[in-house]
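Asker: The structure is given below, and queries will be raised subsequently.
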Amino acid sequence: MEGLVSSGINTIRVFGLTKHQSCFLPSPTTLHLSNNNSVCGIRIGVQGNKKKKQSFVVGVGGSKVGHFENTLPSKGVLELWRKGDAVCFDVDSTVCLDEGIDELAEFCGAGKAVAEWTARAMGGSVPFEEALAARLSLFRPSLSQIQNFLEQKPPRLSPGIEELVQKLKANGTVVYLISGGFRQMINPVASILGIPQENIFANQLLFGSSGEFLGFDKSEPTSRSGGKAVAVQQIKKAHGYKALTMVGDGATDFEARRPGGADMFICYAGVQLRESVAAKADWLVFNFEDLINLLG
């Protein structure tokens, strides 16, 4: 899959829209809105006044989704972002527009059942290792199915991620991919972004001599709950990074914000807005343009 290029996607899908809808969500740092403003079905209200810290209420389809006060970075958060020496990105619904395992399951004919398990895992309601094993058992992908999937469904990168990674690397920041997905599907993404294989922490599917599905490598830290925190701790210990940021959309990404792990968690909600995760983030962003612009 070397040489894959972005599929030209230049819109952001927001949780709550139908599968084929997409729209641009303006940067929260540049919005000038009053309550109940609506953009492409997304209602965004600004509460507070010039003397008080602003907070945002985001709604989809006429119903309130959440009340967030972390859409603008604090001084400390902004300093960490600008001076950090490493950034770890989640892949599914962050670097890429899709949840890879859901797309693979759909390709193999088990999309709906697997997507339900993914939602539970990302919301933090079940242990990740339980959800991973359950999802794979529903369709047991063969090596040939993986290869056909990658040929027919190349990665769809989130808008702005290529520019963001390029700017981070130009600033001397080291970029990693940390995912509960599978290396077989993440390697093409890393190739597009110019991220070396040794900077990938992900799961490994196992196959027999005839390409039949055998399971997954349970020794990988990302195969279980808390695994991303372990991966980040290993990265910091090995390289001595002083300021490391984790960027992702799910509960497993927030877990990386532990002692000895990520120093800051940025919730990216440009694809999926998971309210419970977004509320706990050091910084909530809806597009990568904010992160690019505020790198300085």
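Asker: So which GluC sites (Glu not before Pro) in segment 186-290 pass both tests, a DSSP loop state and at most 14 other Cβ atoms within 10 Å of the Cβ?
Answerer: Passing sites in segment 186-290 are GLU212.
Asker: Continuing with the same structure: Let me have the relative contact order for segment 158-283, percent, based on Cα pairs under 8 Å that are six or more residues apart.
Answerer: Relative contact order of segment 158-283: 15 percent.
Asker: Could you state the orientation-averaged shadow area of the convex hull built on the Cα atoms of segment 75-293, in nm² to one decimal?
Answerer: Computed as one quarter of the Cα hull surface, the answer is 11.2 nm².
Asker: Find the lysine pairs in segment 75-293 meeting two conditions, Cα atoms under 19 Å apart and a separation of 8 or more places or different chains, and report how many there are.
Answerer: So the count of such lysine pairs works out to 16.
Asker: Grab the Cα-Cα distance for GLN197 and SER74, subtract it from 0.36 nm times how many residues apart they are, and report the gain in nm with one decimal.
Answerer: Contour length minus the Cα-Cα distance gives 40.9 nm.
Asker: Between VAL126 and LYS112, 0.36 nm times their residue separation minus their Cα-Cα distance comes to what? Numbers along the way, then the final one.
Answerer: Values: separation 14, 0.36 × 14 = 5.04 nm, distance 1.77 nm.
Residue separation times 0.36 nm, minus the Cα-Cα distance, leaves 3.3 nm.
Asker: A further question follows. What is the fewest-to-most order of SER158, SER191, SER93 by other Cβ atoms lying within 10 Å of their Cβ? Walk me through the intermediate numbers first.
Answerer: Numbers: SER158 23, SER191 16, SER93 26.
Ranked by crowding around the Cβ, least crowded first: SER191, SER158, SER93.
Asker: Could you grab the relative contact order for segment 75-293? Cα pairs under 8 Å, six or more apart, rounded to a whole percent.
Answerer: Working: 384 pairs, mean separation 56.2, N = 219.
Here the relative contact order equals 26 percent.
Taken together, the values in this text are just the output of simple stated rules run on the coordinates, not laboratory data. Values in this document were obtained by computation on a predicted structure and should not be read as measured data. Note that each Cβ is placed from the backbone with ideal geometry, even for glycine, and that neighbours are counted across all protein chains shown.
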